[in-house]
Amino acid sequence: MGMTDNERLIITTVWNDMTLRLKLEDDPYSLTQSEINGLKQNDKLNARIQTLTQHVLDQRLLPITTKHHV
């Protein structure tokens, strides 16, 4: 029993399938629409994680920088 397209999309979104990234670089026209969607979703997830990480860092650094400038 194989995976559904939705299961593949979830795996690609979360795990950033490097095989697909390499395939995208080497032969982009060989990717299926489902594979492309998975990579797009992964890019969106990574951007969101980066934004949230930066927000957390900014919140942690704000008291430190404020304390040293007083």
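All other residues with a Cβ under 12 Å from the Cβ of GLN50 taken together, and with Lys, Arg as +1 and Asp, Glu as -1, what is their net charge? Neighbour charge sum, excluding GLN50 itself: +1.
Averaged across orientations, what area in nm² does the convex hull of the alpha carbons in the chain project? Don't skip to the end; give the middle numbers.
Numbers: hull surface 26.4 nm².
So the mean shadow area of the Cα hull is 6.6 nm².
In plain terms, the chain from ALA47 to LEU22 could stretch by 7.0 nm, reckoned as 0.36 nm per residue minus the Cα-Cα distance.
Result for the chain in a Gaussian network model with C-alpha springs under 10 Å: among ARG48, ARG60, ARG21, the largest mean-square fluctuation is at ARG60.
Where a number appears in this text, it was derived from the coordinates with a stated rule and is not lab data. Small disclaimer: the values here were computed from a predicted structure and weren't measured. Here the Cβ is made from the backbone with ideal geometry for all residues, glycine too, and neighbour counts use every protein chain on show.
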